Amino acid sequence: MKELNIINKAKCNVAILAGGKGSRLKSRSGDIPKPLAKVCGLPILEHQIKLCQSYGFTQIAILIHHQSELIQEYFGDGSKFGVTLNYVVEETPRGTAGALKDALFLLEERFLVLYADTYADVDLKLFWDFDHQVQSSGTLFLHPNSHPYDSDIVEIDKKTNLVKSIRPYPHPENEDYPNLVNAALYILDKSTISKIVPNEGMYDLAKNIFNLILSSGFLLRGYVSIEYIKDMGTPDRLDAVESDINGGVPEKLSVRNFHSAVFIDRDGVINEDIDHLSNPDEIMLIDGAQEAIRYLNKTGFLAIGVTNQPVIARGEATFSDIESVHLRLGKLLGDGGAYLDSIYYCPHHPDKGFFGEVPELKIQCTCRKPSTGMIDAAVNAFNISRQSSWMIGDRTSDILAGKRAGLRTILVQTGYAGRDYLYDVDPDFVAKNLKAAVDWINMGFSQVCQKITPMIPSFIDSRLLLIGGASKTGKTSFAKVLKEMLGFLGRDVHLISLDGWLDPERKLNEGNGVLSRYKIDQFVSELKGVFDSKHRRSFIHPSYDPISGEKLKDKKMSIGPNDIIIVEGVVALLDSRLLEMASKSIFIDLASETERTNRLIYEYKFRNKETDHEIQVKLQSREIDEVSVIRKNSEVATYKVTF
Ligand SMILES: [Zn+2]
């Protein structure tokens with residue numbers, strides 16, 4: 001038994017399933033039916049009607065069940081919203097598929113299906129056009145999500161986009177599956193629904209009908225998109241959706257806009273670097289990797305894996321081995337609510353002539369990092385803005401690829417920690433691991449930008465800027481952001497780190513005052529040569545491995561008479577000659593001394609593998625002859641910045 005309320009005889013190209021009771025939202029929305037529950041002040045159904053209207057879908061069938069009169073009263077004939085609404089009111093529950101079948105007489109040959117308990121910001125026109133490229137019984141909108149373990153997983157053929165299987169949850173404990181989830185937005189074919197869905201009884205589209213369509217030999221296609229669509233049917237989910245909207249996440253993921261991405265190397269960054277990783281059972285996530293990627297997912301950054309896998313060219317692993325490794329990686333991340341929006345891998349290797357190799361993959365390709373092929377492909381596929389995107393890696397090839405691709409780069413101190421020394425390249429920033437790198441992208445970086453912005457006018461005409469402060473307060477990162485910001489304003493800026501002038505014999509000077517550990521006279525005289533010159537001069541910047549202390553290749557700088565020089569280091573504000581030359585000086589400190597000490601302990605352990613006792617002795621000695629001296633001297637600074 002059903003009651004029809006047909007206002008307009010024109011056929012609809014949208015069906016919105018709006019039969020939900022909203023009992024799980026009762027604590028929030030009271031007794032109103034779910035389609036009237038408010039998201040950021042408007043009923044969820046109104047958001048959907050507006051979405052349809054904005055893409056030109058104006059003939060809409062609303063399939064309702066509970067308290068239908070309240071919904072009809074609010075939306076009326078739809079003219080207020082620029083659409084025509086037809087209501088189908090159901091008295092006996094038939095499930096989503098049954099309800100749809102009973103409303104087919106109102107629908108066009110092909111129609112969109114939306115669920116009234118999802119919030120979506122999807123380009124329906126693009127979705128519609130994709131569906132029309134190939135004949136099928138329907139197209140399902142698919143995406144990775146933060147809870148694949150309790151979602152229906154859809155497997156598609158990556159080349160044809162044809163759906164291979166739909167696996168309703170729960171999923172067996174020991175089974176890997178792709179994080180590609182049915183988002184509850186479809187385009188369906190009227191005749192297939194008419195044939196497949198029975199006339200009586202309860203049927204659910206996702207749980208029963210799609211698999212029936214596939215097993216009857218009809219085709220379904222998957223449309224994979226990063227656009228925002230989320231269920232808001234419980235108080236927690238409603239809160240999450242509202243917080244996403246307020247944080248601009250749907251906007252950031254919309255195809256209307258360029259996207260910001262974080263490109264992440266795989267081995268040594270997301271998972272522990274194991275030689276010849278080809279067995280999924282060997283993958284171990286690095287601490288904090290799930291959390292880091294989940295944070296990117298939540299804040300509207302695309303998380304994209306880019307990994308060199310020469311094991312394939314060397315014949316040590318097959319494409320299918322690597323695919324199963326990635327399936328497991330996706331599963332492990334998914335268990336922690338995190339996902340990669342995509343993962344690109346290069347199967348090539350340039351050096352020919354080894355036993356067991358795959359000759360056709362032994363080529364000089366354009367995708368193997370430090371080439372930028374994988375990043376370029378993702379930039380095109382996802383409409384990524386390079387200026388607001390980042391590369392995180394543990395090898396110099398990652399950093400060089402990121403730089404060549406026009407991204408900001410972060411070297412992590414996990415995996416190789418930059419000690420492959422294959423390419424002479426400086427990362428923009430250094431972080432102890434992926435989690436710290438992502439925290440820097442999401443918070444640290446913008447905090448530093450905010451602190452610097454008001455000071456910029458007083459820096460812009462400088463010749464020499466000094467940045468000082470105790471170890472591990474963030475001087476180097478501050479200096480790098482400052483260099484970038486002044487660079488945007490058209491100034492040529494050179495960054496000099498006083499660590500290049502640390503005395504190799506400094507261990508003998510422990511306890512004799514911090515200045516005695518630097519070759520400061522030599523530095524001042526070299527700097528003065530450039531500073532006073534009216535012509536462009538070259539400047540040699542010594543450089544050392546931060547871990548072993550071994551000498552690395554000098555960096556050659558070419559400094560013009562109008563360029564800005566930034567000198568940063570623990571002792572930058574301790575030498576009166578430097579202070580006299582400087583236009584401005586900045587003292588950096590951390591509000592939390594505990595935080596600073598923790599960073600220092602981590603650094604000591606990372607560098608020298610010192611014991612806890614050795615570290616405590618060193619910390620105490622440094623407190624007396626370094627930290628207290630530096631803090632006392634902070635009064636000379638033009639600006640004091642505390643984080
Ligand atoms: Zn390649």
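Of ILE156, ALA18, SER146, which is farthest towards the positive pole of the range 2-238's charge dipole, taken about the Cα centre with +1 and -1 on the beta-carbons of Lys, Arg and Asp, Glu respectively?
ALA18
May I have the extent of the alpha carbons of the range 17-85 along their three principal axes, as whole Å values ordered from largest to smallest?
35, 23, 17
If you average 1/r over all unlike Cα pairs in the range 258-442 and invert the result, what Kirkwood radius do you get in angstrom? List each step's numbers first, then the result.
On the way: mean 1/r = 0.0615 Å⁻¹.
The answer is 16.3 Å.
State which entries of LYS483/LYS555; LYS11/LYS190; LYS50/LYS80; LYS403/LYS555; LYS38/LYS125 exceed 19 angstrom in Cα-Cα distance in the structure shown.
Violating the 19 Å limit, Cα to Cα: LYS38/LYS125.
Largest first and in whole Å, what are the equivalent-ellipsoid semi-axes of the range 402-525 based on the Cα gyration tensor, each being the root of 5 times an eigenvalue?
26, 22, 15
Can you figure out the FRET efficiency of SER533 with ASP499, using R₀ = 30 Å and their beta-carbon distance, to the nearest 0.05?
0.80
Taking amide H positions as placed in the peptide plane 1.01 Å from N, state which residues far from TYR115 in sequence (5 or more) or on other chains have amide H under 5 Å from it.
LEU17
Pulled fully out, how much extra length does the chain show between GLN450 and LEU212, if you take 0.36 nm times their separation in residues and subtract their Cα-Cα distance?
Numbers: separation 238, 0.36 × 238 = 85.68 nm, distance 5.62 nm.
Fully extending the segment from GLN450 to LEU212 adds 80.1 nm.
Can you compute the equivalent ellipsoid semi-axes for the range 208-268, i.e. the square root of 5 times each eigenvalue of the Cα gyration tensor, sorted largest first and rounded to whole Å?
30, 21, 13
I'd like the GluC sites (Glu not before Pro) in the range 84-120 restricted to DSSP loop residues with at most 11 other Cβ atoms within 10 Å, sorted by number.
GLU91
How much length is gained on full extension from ASN380 to SER194, taking 0.36 nm per residue of separation minus their Cα-Cα distance? Walk me through the numbers on the way to the answer.
Numbers: separation 186, 0.36 × 186 = 66.96 nm, distance 3.97 nm.
Extra length available between ASN380 and SER194 comes to 63.0 nm.
Please report, for the Cα atoms of the range 39-181, the Rg to one decimal and the Dmax as a whole number; what are they, in angstrom?
Spelled out, the Cα radius of gyration and Dmax of the range 39-181 are 17.2, 53 Å.
State the extension gain, in nm to one decimal, for the chain segment bounded by GLN620 and ASP157, taking 0.36 nm per residue of separation less the distance between their alpha-carbons.
Net length gain for the segment: 160.5 nm.
Nearest 5 is fine: what % of DSSP beta bridges in the chain come out antiparallel, could you say?
The answer is about 35 percent antiparallel.
Place a point 7 Å from Cα of ASN246 in the direction of its Cβ. Which residues in the range 105-129 have their backbone N less than 19 Å from it?
119-120
Along the charge dipole of the range 258-442, which of ILE264, HIS348, PHE319 sits closest to the positive end, that is, farthest toward it, with unit charges on the beta carbon of Lys, Arg, Asp and Glu (+1, +1, -1, -1)?
ILE264
In the range 94-172, which trypsin sites (Lys or Arg not before Pro) fall in coil by DSSP and have 15 or fewer other Cβ atoms within 10 Å?
Filter output for the range 94-172: LYS158, LYS159.
How high is the FRET efficiency between ARG463 and ASP275 when r is their beta carbon distance and R₀ equals 41 Å, given to the nearest 0.05?
Using R0 = 41 Å, I get an efficiency of 0.25.
Would you pull out the residues with amide H under 5 Å of LEU219's amide H, same chain only if 5 or more places away, H placed 1.01 Å from N?
Amide H neighbours of LEU219, under 5 Å, 5+ apart: SER137.
Give me the angle, in degrees from 0 to 90, between the Cα long axis of helix 373-382 and the longest principal axis of the Cα atoms of the chain, rounded to the nearest 10.
Relative to the chain, helix 373-382 is tipped by roughly 40 degrees.
Long-range amide H contacts for ALA470: which residues qualify at under 5 Å (H placed 1.01 Å from N, peptide plane, sequence gap of 5 or more or a different chain)?
none
How big is the C-alpha Rg of the range 460-642 next to the rule-of-thumb value 2.2 N^0.38 Å, as a ratio?
On the way: Rg = 16.4 Å, N = 183, 2.2 N^0.38 = 15.9 Å.
Dividing the Cα Rg of the range 460-642 by 2.2 N^0.38 Å gives 1.03.
Quick one: which of 189-196, 462-469, 429-436 comes out on top by average Cβ neighbours within 10 Å, and what's the full order, highest first?
In decreasing order of mean packing, 189-196, 462-469, 429-436 become 462-469, 429-436, 189-196.
For the chain, what are Rg and Dmax over the alpha carbons, in angstrom?
Considering the chain through its Cα atoms, Rg and Dmax are 30.0, 94 Å.
Quote the FRET efficiency, to the nearest 0.05, computed for GLU635 versus ASP420 with a Förster distance R0 of 60 Å and r equal to the Cβ-Cβ distance.
Numbers: r = 43 Å, r/R0 = 0.72.
Efficiency, rounded to the nearest 0.05: 0.85.
Loop-only GluC sites (Glu not before Pro) in the range 147-250, please: DSSP not H, G, I, E or B, and at most 15 other Cβ atoms within 10 Å. Provide the component values of the computation, followed by the final result.
On the way: sites: GLU155, GLU173, GLU175, GLU200, GLU227, GLU242; in loops: GLU173, GLU175, GLU200, GLU227.
For GluC sites (Glu not before Pro) across the range 147-250 that sit outside H, G, I, E and B with at most 15 neighbouring Cβ atoms in 10 Å, the list reads GLU173, GLU175, GLU200.
Most exposed first by the Cβ proxy, i.e. fewest other Cβ within 10 Å, how do THR638, THR118, THR58 rank?
Least to most surrounded, the residues fall as THR638, THR58, THR118.
Please give the peptides 245-255, 28-38 ranked by average Cβ packing (other Cβ atoms within 10 Å per residue), highest first, as a rough proxy for protection.
Peptide ranking by packing, descending: 28-38, 245-255.
For labels at PHE319 and GLU593 in the simple 7 Å Cα→Cβ model, what's the distance in nm?
Calculated label separation equals 6.1 nm.
What number in nm² do you get for the range 531-608 if you take the convex hull of its Cα atoms and divide its surface by four?
7.0 nm²
Where a number appears in this text, it was derived from the coordinates with a stated rule and is not lab data. These numbers come from a predicted model, not from an experiment. Neighbour counts are summed over all protein chains in view; Cβ atoms, including those assigned to glycine, are modelled from backbone coordinates with ideal geometry.
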